[in-house]
1. With the requirement that a residue be assigned to a helix (DSSP H, G or I), among the small types (Gly, Ala, Ser) and within 22 Å of ILE173 (Cα to Cα), what does segment 237-268 give you?
2. Kindly establish whether SER124 is of a type in the set (Ser, Thr, Tyr) and either open to solvent by 30 Å² or more (accessible area, probe 1.4 Å) or in a loop (DSSP other than H, G, I, E, B) (or both).
3. I'd like to check something: does segment 211-227 contain any residue that is assigned to a loop (DSSP other than H, G, I, E, B) and modelled with pLDDT under 95?
4. Could you look through segment 214-256, keep only residues that are over 17 Å from the mean Cα position of the chain (by Cα) and crowded, with 21+ Cβ neighbours inside 10 Å, and pick out the one that is farthest from ASN269 (Cα to Cα)?
5. Within the bounds of segment 221-240, is there any residue that is assigned by the TED database to the domain that holds PHE302, in contact with an Asp or Glu (Cβ under 7 Å, 6 or more places away or on another chain) and touching a residue at least 24 places away in the same chain (Cβ under 8 Å)?
6. Just name the residue that is nearest to SER113 (Cα to Cα) out of those in segment 269-301 that are in a helix (DSSP H, G or I) and more than 21 Å from the chain's Cα centre (by Cα).
7. Return yes or no: is PHE234 farther than 22 Å from ILE96 by Cα and outside any helix (DSSP H, G or I)?
8. Residues to consider are LYS197, LYS132; find the one that is in contact with a strand residue (DSSP E or B) (Cβ under 7 Å, 6 or more places away or on another chain), farther than 20 Å from LEU102 by Cα and charged (D, E, K, R).
Amino acid sequence: MNLKKIYFIAFGLAILVWSCRKEETLTNREDLKFEETFSPPADADPVVKELYRSYNVWMRMDFKDWKEVTNAILESDPTNRFGVEKIADQDRQSAISYVKTLMSGVAPKYSRSFFPLELFFVRSYGRGYFAKDIKRIGRSRLVVCWPNQMKDALPVLEPEQHYYQDSVLSSAIWSELSAMVTMRIPEPVKEFVDAGKAYDNGAAADKIRKEYDKDQDAAKRDAAYDLLAATGGFIGVSGASSFESDFSSWMKLLALESKENIKKKYLDNSPVRAKKYEAFVKYLKSEGWDIQAMGNTYREKFDAYKARL
(Lines give C-alpha, C1' and ligand atoms only; values in the text may rest on other atoms or scores of the structure.)
Protein backbone atom coordinates (compact mmCIF):
# COMPACT_ATOMS: atom_id res chain seq x y z
CA MET A 1 0.00 0.00 0.00
CA ASN A 2 1.54 3.37 -1.01
CA LEU A 3 1.83 6.40 1.26
CA LYS A 4 -0.94 8.27 -0.54
CA LYS A 5 -3.48 5.54 0.22
CA ILE A 6 -2.32 5.31 3.83
CA TYR A 7 -2.74 9.08 4.20
CA PHE A 8 -6.31 9.05 2.91
CA ILE A 9 -7.31 6.10 5.16
CA ALA A 10 -5.83 7.81 8.21
CA PHE A 11 -7.55 11.07 7.32
CA GLY A 12 -10.89 9.30 6.93
CA LEU A 13 -10.55 7.55 10.30
CA ALA A 14 -9.70 10.85 11.96
CA ILE A 15 -12.87 12.43 10.59
CA LEU A 16 -14.92 9.42 11.75
CA VAL A 17 -13.51 9.59 15.29
CA TRP A 18 -14.05 13.36 15.42
CA SER A 19 -17.67 13.04 14.28
CA CYS A 20 -18.39 10.29 16.81
CA ARG A 21 -16.99 12.36 19.66
CA LYS A 22 -19.02 15.36 18.59
CA GLU A 23 -22.30 13.48 18.86
CA GLU A 24 -21.86 9.91 20.10
CA THR A 25 -25.47 8.82 19.71
CA LEU A 26 -27.72 9.23 16.72
CA THR A 27 -30.89 11.07 17.59
CA ASN A 28 -34.13 11.60 15.71
CA ARG A 29 -33.90 15.39 15.70
CA GLU A 30 -36.99 17.11 14.41
CA ASP A 31 -34.98 19.55 12.29
CA LEU A 32 -33.47 16.64 10.36
CA LYS A 33 -36.95 15.39 9.41
CA PHE A 34 -36.12 11.73 10.09
CA GLU A 35 -39.19 9.52 9.93
CA GLU A 36 -39.49 6.69 12.41
CA THR A 37 -40.71 3.71 10.41
CA PHE A 38 -40.61 0.95 13.02
CA SER A 39 -43.63 1.85 15.10
CA PRO A 40 -47.41 1.74 14.85
CA PRO A 41 -48.82 4.34 12.45
CA ALA A 42 -50.48 7.47 13.78
CA ASP A 43 -53.96 6.05 13.14
CA ALA A 44 -53.27 2.73 14.92
CA ASP A 45 -55.58 1.54 17.69
CA PRO A 46 -54.72 3.31 20.99
CA VAL A 47 -54.12 -0.05 22.70
CA VAL A 48 -51.63 -1.05 19.99
CA LYS A 49 -49.76 2.23 20.46
CA GLU A 50 -49.75 1.82 24.24
CA LEU A 51 -48.40 -1.75 23.95
CA TYR A 52 -45.58 -0.43 21.81
CA ARG A 53 -44.86 2.47 24.13
CA SER A 54 -44.86 0.35 27.29
CA TYR A 55 -43.38 -2.96 26.11
CA ASN A 56 -41.57 -2.10 22.87
CA VAL A 57 -43.68 -4.80 21.20
CA TRP A 58 -45.48 -3.86 17.99
CA MET A 59 -48.72 -5.79 17.67
CA ARG A 60 -49.01 -5.74 13.85
CA MET A 61 -51.94 -6.70 11.64
CA ASP A 62 -51.43 -4.76 8.42
CA PHE A 63 -49.13 -5.25 5.45
CA LYS A 64 -49.04 -4.35 1.78
CA ASP A 65 -46.79 -7.15 0.61
CA TRP A 66 -46.66 -10.71 1.95
CA LYS A 67 -42.89 -10.40 2.23
CA GLU A 68 -43.42 -7.88 5.03
CA VAL A 69 -44.69 -10.80 7.10
CA THR A 70 -42.39 -13.61 5.99
CA ASN A 71 -39.18 -11.57 5.73
CA ALA A 72 -38.60 -13.27 2.37
CA ILE A 73 -36.82 -10.23 0.97
CA LEU A 74 -34.79 -12.35 -1.46
CA GLU A 75 -37.74 -14.41 -2.68
CA SER A 76 -38.45 -13.87 -6.37
CA ASP A 77 -41.82 -15.63 -6.46
CA PRO A 78 -44.44 -12.84 -6.66
CA THR A 79 -47.40 -15.17 -6.07
CA ASN A 80 -47.40 -15.22 -2.26
CA ARG A 81 -46.65 -18.92 -2.10
CA PHE A 82 -46.75 -18.78 1.68
CA GLY A 83 -50.43 -17.90 1.55
CA VAL A 84 -50.30 -15.04 4.02
CA GLU A 85 -53.72 -13.44 4.44
CA LYS A 86 -54.52 -10.28 6.36
CA ILE A 87 -56.56 -10.68 9.53
CA ALA A 88 -60.30 -10.21 9.06
CA ASP A 89 -61.65 -6.83 10.17
CA GLN A 90 -64.08 -8.43 12.60
CA ASP A 91 -61.20 -10.26 14.36
CA ARG A 92 -58.92 -7.29 14.92
CA GLN A 93 -60.28 -6.17 18.27
CA SER A 94 -60.27 -9.67 19.76
CA ALA A 95 -56.62 -10.09 18.71
CA ILE A 96 -55.73 -6.78 20.34
CA SER A 97 -57.50 -7.83 23.53
CA TYR A 98 -55.58 -11.11 23.54
CA VAL A 99 -52.19 -9.42 23.26
CA LYS A 100 -53.10 -6.88 25.92
CA THR A 101 -53.96 -9.70 28.33
CA LEU A 102 -50.88 -11.72 27.36
CA MET A 103 -48.51 -8.83 28.05
CA SER A 104 -50.26 -7.61 31.20
CA GLY A 105 -48.21 -9.91 33.44
CA VAL A 106 -44.86 -9.13 31.83
CA ALA A 107 -42.57 -6.45 33.27
CA PRO A 108 -42.23 -3.63 30.73
CA LYS A 109 -38.53 -3.23 31.56
CA TYR A 110 -37.80 -6.85 30.71
CA SER A 111 -39.99 -6.84 27.63
CA ARG A 112 -38.27 -3.78 26.21
CA SER A 113 -34.91 -5.54 26.47
CA PHE A 114 -35.62 -9.15 25.57
CA PHE A 115 -39.04 -9.76 24.03
CA PRO A 116 -39.49 -10.06 20.26
CA LEU A 117 -40.14 -6.76 18.54
CA GLU A 118 -43.26 -7.85 16.67
CA LEU A 119 -46.33 -9.97 17.29
CA PHE A 120 -47.83 -10.21 13.80
CA PHE A 121 -51.45 -11.44 13.68
CA VAL A 122 -52.75 -12.74 10.34
CA ARG A 123 -55.71 -14.76 9.12
CA SER A 124 -53.55 -17.54 7.71
CA TYR A 125 -49.91 -18.35 7.13
CA GLY A 126 -49.05 -20.95 4.51
CA ARG A 127 -51.06 -23.44 2.52
CA GLY A 128 -51.21 -27.22 2.48
CA TYR A 129 -48.12 -28.92 3.89
CA PHE A 130 -46.52 -25.59 4.80
CA ALA A 131 -49.49 -24.24 6.78
CA LYS A 132 -48.59 -22.81 10.18
CA ASP A 133 -50.62 -21.65 13.17
CA ILE A 134 -47.67 -20.00 14.88
CA LYS A 135 -44.43 -19.19 13.11
CA ARG A 136 -41.23 -17.84 14.65
CA ILE A 137 -39.18 -15.72 12.27
CA GLY A 138 -35.72 -15.14 13.69
CA ARG A 139 -35.70 -13.83 17.22
CA SER A 140 -37.72 -10.68 16.59
CA ARG A 141 -41.03 -11.64 14.96
CA LEU A 142 -43.76 -14.08 15.98
CA VAL A 143 -46.56 -14.66 13.48
CA VAL A 144 -49.85 -15.88 14.96
CA CYS A 145 -52.90 -16.95 12.97
CA TRP A 146 -56.11 -15.51 14.41
CA PRO A 147 -58.49 -17.03 15.22
CA ASN A 148 -56.09 -19.89 15.75
CA GLN A 149 -57.03 -23.17 14.08
CA MET A 150 -54.54 -25.57 15.65
CA LYS A 151 -55.86 -28.87 16.97
CA ASP A 152 -57.92 -28.47 20.16
CA ALA A 153 -57.79 -24.65 20.00
CA LEU A 154 -60.95 -22.97 21.30
CA PRO A 155 -63.20 -20.49 19.49
CA VAL A 156 -62.79 -16.92 20.69
CA LEU A 157 -65.91 -16.26 22.74
CA GLU A 158 -64.49 -13.99 25.47
CA PRO A 159 -61.59 -12.08 23.90
CA GLU A 160 -60.29 -10.52 27.12
CA GLN A 161 -60.27 -13.92 28.86
CA HIS A 162 -59.24 -16.09 25.91
CA TYR A 163 -55.60 -16.09 26.98
CA TYR A 164 -56.64 -17.79 30.24
CA GLN A 165 -59.12 -20.16 28.59
CA ASP A 166 -57.30 -21.59 25.59
CA SER A 167 -54.37 -23.32 27.28
CA VAL A 168 -53.37 -24.99 23.99
CA LEU A 169 -52.77 -21.62 22.36
CA SER A 170 -51.18 -20.04 25.42
CA SER A 171 -48.79 -22.96 25.79
CA ALA A 172 -47.82 -22.79 22.11
CA ILE A 173 -47.24 -19.04 22.25
CA TRP A 174 -45.09 -19.29 25.38
CA SER A 175 -43.07 -22.09 23.79
CA GLU A 176 -42.14 -19.63 21.07
CA LEU A 177 -41.85 -16.52 23.25
CA SER A 178 -39.60 -18.19 25.83
CA ALA A 179 -37.28 -19.44 23.08
CA MET A 180 -37.17 -16.01 21.43
CA VAL A 181 -36.47 -14.28 24.75
CA THR A 182 -33.64 -16.68 25.53
CA MET A 183 -32.10 -16.08 22.12
CA ARG A 184 -31.91 -12.37 22.92
CA ILE A 185 -30.15 -12.80 26.28
CA PRO A 186 -26.51 -11.85 25.62
CA GLU A 187 -25.02 -14.57 27.83
CA PRO A 188 -26.25 -17.41 30.08
CA VAL A 189 -27.44 -16.38 33.55
CA LYS A 190 -24.55 -17.62 35.69
CA GLU A 191 -26.34 -18.26 39.00
CA PHE A 192 -29.08 -20.17 37.17
CA VAL A 193 -26.60 -22.30 35.21
CA ASP A 194 -24.42 -23.01 38.25
CA ALA A 195 -27.43 -24.26 40.23
CA GLY A 196 -27.71 -27.39 38.07
CA LYS A 197 -25.56 -29.87 36.21
CA ALA A 198 -23.49 -28.79 33.24
CA TYR A 199 -25.08 -28.97 29.79
CA ASP A 200 -23.92 -31.81 27.57
CA ASN A 201 -25.35 -30.99 24.13
CA GLY A 202 -27.75 -33.93 24.43
CA ALA A 203 -25.16 -36.66 25.12
CA ALA A 204 -26.92 -38.18 28.16
CA ALA A 205 -30.30 -38.18 26.43
CA ASP A 206 -28.78 -39.85 23.35
CA LYS A 207 -27.29 -42.56 25.54
CA ILE A 208 -30.67 -43.26 27.12
CA ARG A 209 -32.31 -43.30 23.70
CA LYS A 210 -29.82 -45.87 22.41
CA GLU A 211 -30.62 -48.13 25.35
CA TYR A 212 -34.30 -47.87 24.46
CA ASP A 213 -33.52 -48.72 20.84
CA LYS A 214 -31.91 -51.95 22.03
CA ASP A 215 -34.65 -53.24 24.32
CA GLN A 216 -37.72 -51.19 23.22
CA ASP A 217 -38.67 -50.54 26.85
CA ALA A 218 -40.49 -47.20 26.83
CA ALA A 219 -41.17 -47.22 30.57
CA LYS A 220 -37.49 -47.74 31.32
CA ARG A 221 -36.53 -44.96 28.90
CA ASP A 222 -39.00 -42.47 30.37
CA ALA A 223 -37.90 -43.28 33.93
CA ALA A 224 -34.30 -42.61 32.92
CA TYR A 225 -35.33 -39.34 31.30
CA ASP A 226 -37.13 -38.27 34.47
CA LEU A 227 -34.11 -39.14 36.61
CA LEU A 228 -31.80 -37.18 34.32
CA ALA A 229 -34.04 -34.12 34.57
CA ALA A 230 -34.52 -34.35 38.34
CA THR A 231 -30.84 -34.84 39.18
CA GLY A 232 -29.69 -32.19 36.73
CA GLY A 233 -32.18 -29.47 37.64
CA PHE A 234 -34.08 -29.50 34.37
CA ILE A 235 -37.82 -29.34 33.69
CA GLY A 236 -37.51 -32.01 31.01
CA VAL A 237 -34.75 -34.04 29.42
CA SER A 238 -34.27 -31.50 26.63
CA GLY A 239 -33.07 -28.97 29.20
CA ALA A 240 -29.89 -30.97 29.71
CA SER A 241 -28.65 -30.09 26.24
CA SER A 242 -28.16 -26.32 26.47
CA PHE A 243 -28.86 -23.11 28.35
CA GLU A 244 -31.33 -22.08 25.62
CA SER A 245 -33.44 -25.22 26.07
CA ASP A 246 -33.18 -25.15 29.84
CA PHE A 247 -33.93 -21.48 30.47
CA SER A 248 -36.81 -21.33 27.98
CA SER A 249 -38.51 -24.39 29.53
CA TRP A 250 -38.40 -22.78 32.98
CA MET A 251 -39.82 -19.54 31.58
CA LYS A 252 -42.73 -21.26 29.89
CA LEU A 253 -43.51 -23.25 33.04
CA LEU A 254 -43.52 -20.31 35.44
CA ALA A 255 -45.50 -18.06 33.10
CA LEU A 256 -48.37 -20.56 33.00
CA GLU A 257 -48.30 -22.46 36.29
CA SER A 258 -48.79 -21.73 39.99
CA LYS A 259 -45.99 -22.05 42.52
CA GLU A 260 -48.05 -24.62 44.41
CA ASN A 261 -48.29 -26.93 41.41
CA ILE A 262 -44.66 -26.39 40.41
CA LYS A 263 -43.56 -27.28 43.93
CA LYS A 264 -45.58 -30.51 43.93
CA LYS A 265 -44.48 -31.71 40.51
CA TYR A 266 -40.92 -30.44 40.15
CA LEU A 267 -39.37 -29.10 43.35
CA ASP A 268 -40.35 -31.46 46.16
CA ASN A 269 -38.72 -34.39 44.35
CA SER A 270 -35.54 -32.57 43.31
CA PRO A 271 -33.38 -30.35 45.54
CA VAL A 272 -31.41 -29.36 42.45
CA ARG A 273 -34.54 -28.12 40.68
CA ALA A 274 -35.59 -26.28 43.85
CA LYS A 275 -32.25 -24.45 43.85
CA LYS A 276 -32.56 -23.69 40.16
CA TYR A 277 -36.10 -22.39 40.64
CA GLU A 278 -34.87 -19.91 43.24
CA ALA A 279 -32.08 -18.74 40.95
CA PHE A 280 -34.49 -18.30 38.05
CA VAL A 281 -37.03 -16.31 40.08
CA LYS A 282 -34.26 -14.21 41.64
CA TYR A 283 -32.84 -13.31 38.23
CA LEU A 284 -36.17 -12.18 36.79
CA LYS A 285 -37.08 -10.24 39.93
CA SER A 286 -33.76 -8.41 39.62
CA GLU A 287 -34.98 -7.41 36.16
CA GLY A 288 -38.30 -6.23 37.60
CA TRP A 289 -40.42 -9.21 36.56
CA ASP A 290 -42.27 -11.37 39.09
CA ILE A 291 -42.99 -14.17 36.64
CA GLN A 292 -44.34 -16.49 39.33
CA ALA A 293 -47.09 -14.00 40.14
CA MET A 294 -47.99 -14.15 36.45
CA GLY A 295 -48.16 -17.95 36.57
CA ASN A 296 -50.25 -17.89 39.74
CA THR A 297 -52.78 -15.61 38.04
CA TYR A 298 -52.88 -17.79 34.93
CA ARG A 299 -53.55 -20.99 36.90
CA GLU A 300 -56.20 -19.31 39.06
CA LYS A 301 -58.15 -17.96 36.07
CA PHE A 302 -57.73 -21.12 34.00
CA ASP A 303 -59.01 -23.28 36.87
CA ALA A 304 -61.98 -20.93 37.39
CA TYR A 305 -62.83 -21.20 33.69
CA LYS A 306 -62.64 -25.00 33.73
CA ALA A 307 -64.80 -25.13 36.86
CA ARG A 308 -67.71 -23.36 35.18
CA LEU A 309 -67.78 -25.56 32.07
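1. Keep residues of segment 237-268 that are assigned to a helix (DSSP H, G or I), which gives 237-240, 243-256, 259-267.
Applying the additional criterion that residues be among the small types (Gly, Ala, Ser) yields 238-240, 245, 248-249, 255.
If the condition is that a residue be assigned to a helix (DSSP H, G or I), among the small types (Gly, Ala, Ser) and within 22 Å of ILE173 (Cα to Cα), then SER238, GLY239, SER245, SER248, SER249, ALA255 are the ones that fit.
2. Values: of a type in the set (Ser, Thr, Tyr): yes; either open to solvent by 30 Å² or more (accessible area, probe 1.4 Å) or in a loop (DSSP other than H, G, I, E, B) (or both): no.
Taking the combined requirement at face value, the residue does not satisfy it.
3. Taking segment 211-227 as the starting set, the residues that turn out to be assigned to a loop (DSSP other than H, G, I, E, B) are 216-217.
Now narrow it down to the ones that are modelled with pLDDT under 95: 216-217.
So far as segment 211-227 goes, yes, one or more of its residues are assigned to a loop (DSSP other than H, G, I, E, B) and modelled with pLDDT under 95.
4. Filtering segment 214-256 for residues that are over 17 Å from the mean Cα position of the chain (by Cα) and crowded, with 21+ Cβ neighbours inside 10 Å, the one farthest from ASN269 (Cα to Cα) comes out as ALA240.
5. Checked segment 221-240: at least one residue is assigned by the TED database to the domain that holds PHE302, in contact with an Asp or Glu (Cβ under 7 Å, 6 or more places away or on another chain) and touching a residue at least 24 places away in the same chain (Cβ under 8 Å).
6. Kept after step one, since they are in a helix (DSSP H, G or I), are these residues of segment 269-301: 271-286, 291-301.
Cutting the leftovers down to more than 21 Å from the chain's Cα centre (by Cα) gives us 271-275, 278, 300-301.
Numbers: PRO271: 31, VAL272: 29, ARG273: 27, ALA274: 27, LYS275: 26, GLU278: 22, GLU300: 28, LYS301: 28 Å.
Filtering segment 269-301 for residues that are in a helix (DSSP H, G or I) and more than 21 Å from the chain's Cα centre (by Cα), the one nearest to SER113 (Cα to Cα) comes out as GLU278.
7. Details: farther than 22 Å from ILE96 by Cα: yes; outside any helix (DSSP H, G or I): yes.
Yes, satisfied.
8. Values: LYS197 fails: in contact with a strand residue (DSSP E or B) (Cβ under 7 Å, 6 or more places away or on another chain).
Only one candidate passes the filter, namely LYS132.
The values are calculated or read from the model by the stated rules, or taken from the named source; none is laboratory data. In this text the structure is predicted, and so the values were computed from the model without any measurement. No Cβ is skipped: glycine too gets one built from the backbone with ideal geometry, and neighbour counts run over all protein chains shown. Protein only, heavy atoms only, side chains kept; ligands, DNA and RNA dropped before computing areas. Shrake-Rupley method; radii C 1.70, N 1.55, O 1.52, S 1.80 Å.
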